[in-house]
Amino acid sequence: MASPISTEKHGNVLVISSDNPPVNALGQAVREGLKNGIEQAASDNEIEAVVIRCDGRTFFAGADITEFGKAPKGPSLPEVCDAIEASEKPVVAAIHGTALGGGCEIALACHYRVAVPSAKLGLPEVKLGLIPGAAGTQRLPRLVGAEAALPLVVMGNPIPAKKAQAIGLVDELVGEGSLAQDAAEFARSKVGADIPRTSEMTNNQDGVKNPDLFDEFRAKNGRKLRGFDAPNAGIEAVKAAGEMAFEDGVKKERELFAKLMGGTQSAAMRHYFFAERAANKIDDVPADTPLIDVKKVGIIGAGTMGGGIAMNFLSAGIPVTILEMKQDALDRGTGTMRKNYENTAKRGRMTEEQVEGAMGLLTPTLEYDDLADCDLVIEAVYENMDVKKEVFAKLDEVVKDGAILASNTSYLDIDEIATATDRPGYVIGLHFFSPANVMKLLEVVRGEKTRDDVLATAMKLSKKIGKVAAVSGVCPGFIGNRMLSKRQEQANQLILEGANYWEVDEVLLDFGFPMGPFQMGDLAGLDIGWHRDPSKVTTVREALCAKGRFGQKAGKGFYDYDDARQRTPSDEVKQIIADFAEKEGNAQRDISKDEIRERLLYPMVNEGAKILEEGMAQRASDIDVVWINGYGWPLYTGGPMFWADTVGLDTVVAGLEKHGLPVSDYLRAKAQKGERLT
Ligand code: T1G
């Protein structure tokens, strides 16, 4: 098979090119070709300088993740990097697209780096539960200093070429259309000059002069890094770069890398990397299905959801017409959207003109007729079937043929809603999660009659508005809420049987969720939907509301809150629950945290298995995508399905049986056959 690497002489410059779509991943053939190219340059006396570049959309975007876990085949990436750096002739990296991970390490091993302004550079290995494994944590601090290296290595977010130039990672920005020749020119200009090797530089001493740098960085980012192993390893590796000789630092990096590679967190995060991409594919819809061009979107309802949904499209540059029934509701809704954008601008994440640009694409209206030329209309009105059907009947009348009519319903039957129209093929569910302009998850609910082009359009559009979409079938609660209801059921049952409600929260917090169900109840308000009759107590929540315990806003709910909203478990609440339980005939007993965790999480796995069995999700990894992006399931465990495989399905089944909880045939069969869900 032809090598993905080719070389071409341009006068005294050898240009080594990689053509390895889709992202020039540094697979074995690429690594071998690069090494051979450097050797060719060394042995050719006419060559005085080298450029390394890539064809296609991007410079090397990292090691080839599909090779992980397989027996490594030489030459290794560190070997290739060392060969590049050792070259006696100047080597220039010509960067476009995204130079990520191993790609950034190749660039660091080069003696110079030139990039087009639209390029990005980064070390996202932490997002795979790893750290750079080809001396990136040792070369980068020597080139740009420990302080500038820490965010790149530990948070894993890429930076634009301009910022890379500012910290010294990129030497020169060149023309978008003239990268190859500008890089060759740049290389020629370095012939005869001393060769700058990043492994010999000493900018990393800032971390030695200010050793608090590392703990300060760890503390500043503590919440985001909670539970993850790789970020801390990244900090250790960058610290080592300042304290050790290069070779020793590389050894330290390799130790840390190997430990992470062998751990469950990296396996989980690599699973998630592919899961997120797989979720966008619909198995029975051809990849070349023609898409509907969505030039204008209509949103019905300017409340929290409607406004949040609208912002997703406005931020992606898609005009939105938003409809309300009354002027004051419309004004309130659009006012909230503007305020949200202005807050984002205050945090420096948007410019003023971007705010005006987004708001300039918004057309508020009270008239359904103004939706007539929309290509997609999404309703986010009251969660009531009759109301939804009325809206869809109206839309069917007013909106042009071929337009998609979507409901943001979180559990109602999309097929029934579709019967209110003469275009069931164009009806789909687009279930956003609150706050809709922030939460990444979008459950795309495929109706019985939803057309392929409508579904394919929804998936493509989800990427355009920065969402992670997963397809769900029509069932109560779709994928996420259906599994959530099982956890909620057990949480409520557990406290009636004597489990301490704060321990139920702690189990989920310790597992890695951002919040437990009782904390969540206090935050949202326990009195939502309360009938306001203190004498009528049929649930624990009603018992608490009867005592004015409405949650954080009342200073007390399940917990007591101080002025800083710090929560403390309440003996009064413990008693209220015990009294209520006794009235209901529930005997109280001490319940261990292990039992709590099994009863909260295993029924979710069982429900996920049923969702798969019924074909309500295309694949187990889609369920992981839903829970990680919609409900804060800790990424480093890979999601409920991957986590169940890690625990072992036989252990899950045994746990469910031990607690007298139902086991689906699908899950039992998988466990008996020793198979995995993912
Ligand atoms: N290896 C293998 N395949 C990859 C890949 C990679 N590194 N990156 C992307 N793909 C595939 C992806 O699965 C998809 O395949 C297609 O390319 C398009 O990707 C030693 C150890 C580059 C920003 O973490 O962030 O280097 O679905 O849909 O949205 O220190 O891909 O088409 O069959 O995401 O335009 C470090 C991971 C690796 C970068 C492009 N590098 N990739 O985004 O397209 S570890 C990364 C990305 C490492 C060294 C360490 C993104 C992208 P398919 P896509 P995109």
Could you sort Ser199, Ser118 by accessible area so the largest value comes first, with the probe set to 1.4 Å?
-> Ser118, Ser199
Please work out how much accessible surface Arg338 shows to a 1.4 Å probe, ignoring ligands, DNA and RNA, in Å² rounded to 10.
-> 80 Å²
Name the residue farthest towards the positive end of the dipole of the range 335-402 from the options Leu371, Ala345, Val355, assuming +1 on Cβ of Lys and Arg, -1 on Cβ of Asp and Glu, about the Cα centre.
-> Ala345
Give a quick list of trypsin sites (Lys or Arg not before Pro) in the range 561-603 that DSSP marks as loop, anything other than H, G, I, E or B, with at most 15 other Cβ atoms within 10 Å.
-> Arg565, Arg589
D for the range 5-262, whole µm²/s, Stokes-Einstein with Kirkwood Rh over alpha-carbon pairs at 10 °C and 1.306 mPa s: what number?
-> 88 µm²/s
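Semi-axes of the range 145-287's equivalent ellipsoid from the Cα gyration tensor, sqrt of 5 times each eigenvalue, largest first, rounded to whole Å?
One finds semi-axes of 31, 27, 15 Å for the range 145-287.
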Compute the relative contact order of the chain as a whole-number percentage, counting only Cα pairs closer than 8 Å that sit 6 or more residues apart in sequence.
-> 9 percent
Given pairs Lys281/Lys463; Lys35/Lys89; Lys73/Lys239; Lys209/Lys251; Lys127/Lys463; Lys326/Lys394 and cut-off 21 Å on Cα-Cα distance, the over-length ones are Lys73/Lys239; Lys209/Lys251
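Return the ratio Rg/(2.2 N^0.38 Å) for the range 436-480, where Rg is computed over Cα atoms only. If you can, show how the numbers build up before the last one.
Details: Rg = 10.7 Å, N = 45, 2.2 N^0.38 = 9.3 Å.
With N residues counted in the range 436-480, Rg over 2.2 N^0.38 Å equals 1.15.
Of Asp560, Asp571, which has the most accessible area with a 1.4 Å probe, and how do the rest follow in descending order? Let's see the in-between values first.
Details: Asp560 55, Asp571 125 Å².
In descending accessible area the options line up as Asp571, Asp560.
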Take the alpha carbon atoms of the range 44-175, find their radius of gyration, then divide it by 2.2 N^0.38 Å using N residues; give the quotient.
-> 1.01
Under a 1.4 Å probe, counting only protein heavy atoms, Tyr561 has an accessible area in Å², nearest 10, of 30 Å²
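In cubic angstrom, how much convex hull volume per residue do the alpha carbon atoms of the range 297-479 span?
On the way: hull volume 17.9 nm³, N = 183.
About 98 Å³ per residue, rounded to a whole number.
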Only loop residues by DSSP count here, and only those with at most 11 other Cβ atoms within 10 Å; note down the GluC sites (Glu not before Pro) in the range 130-213 that meet that.
-> Glu176
Relative compactness, the range 279-349, computed as alpha-carbon Rg over 2.2 N^0.38 Å | 1.42
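Would you work out the Kirkwood radius for the chain? I mean one over the mean of 1/r across all pairs of different Cα atoms, in Å. Spell out each step's value before the answer.
Values: mean 1/r = 0.0357 Å⁻¹.
Kirkwood radius, the chain: 28.0 Å.
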Nearby lysines by direct alpha-carbon distance to Lys536 (threshold 21 angstrom, same-chain neighbours under 8 apart not counted) = Lys547, Lys556, Lys574, Lys583
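Structure shown: which of Lys389/Lys467; Lys610/Lys673; Lys295/Lys467 lie over 21 Å apart, alpha-carbon to alpha-carbon? Please report the intermediate quantities before stating the final value.
Values: Lys389/Lys467 27 Å; Lys610/Lys673 17 Å; Lys295/Lys467 18 Å.
Check vs 21 Å cut-off fails for Lys389/Lys467.
Give me the net charge of Asp171's neighbourhood, meaning all other residues with Cβ under 10 Å from the Cβ of Asp171; Lys, Arg count +1, Asp, Glu -1.
Details: positive: Arg113, Lys190; negative: Glu172.
Counting the neighbours of Asp171, the net charge comes to +1.
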Any idea of Ser664's accessible area? Nearest 10 Å², probe 1.4 Å.
-> 10 Å²
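Pick out the long, greasy-scoring helices in the chain: whole DSSP H runs spanning 24 Å or more along their own axis by Cα, mean Kyte-Doolittle at least -1.0. Intermediate values should be presented prior to the final figure.
Values: long enough: 327-346 (28 Å, -1.63); 480-496 (25 Å, -0.91); 593-613 (30 Å, -0.61).
Qualifying helices, which must be both long enough and hydrophobic enough, are 480-496, 593-613.
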Lysines whose Cα lies under 16 Å from that of Lys296, excluding same-chain neighbours fewer than 8 positions away | Lys400, Lys460, Lys464
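Using a 1.4 angstrom probe on the protein heavy atoms only, line up Lys295, Lys440 by accessible area, largest first.
On the way: Lys295 120, Lys440 95 Å².
Putting Lys295, Lys440 in descending order of accessible area: Lys295, Lys440.
Stretch Ala166-Leu509 to full length: gain in nm at 0.36 nm per residue minus the Cα-Cα span?
Numbers: separation 343, 0.36 × 343 = 123.48 nm, distance 3.96 nm.
Here the answer is 119.5 nm.
Send over the semi-axes of the range 593-672's equivalent ellipsoid, whole angstrom and largest first, taken as the square roots of 5 times the C-alpha gyration tensor eigenvalues.
Values: eigenvalues 69, 50, 21 Å².
For the range 593-672, the ellipsoid semi-axes come out as 19, 16, 10 Å.
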Averaged over every viewing direction, what's the projected area of the C-alpha convex hull for the range 500-584? Give it in nm², one decimal, please.
-> 5.6 nm²
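The values are calculated or read from the model by the stated rules, or taken from the named source; none is laboratory data. Being a predicted model, the structure only gives us computed values, none of them experimental. As a convention, Cβ positions derive from the backbone with ideal geometry for all residues, glycine included, and neighbour counts pool all protein chains shown. Heads up: the accessible areas ignore ligands, DNA and RNA and are worked out on the full protein's heavy atoms, side chains in. Shrake-Rupley method; radii C 1.70, N 1.55, O 1.52, S 1.80 Å.
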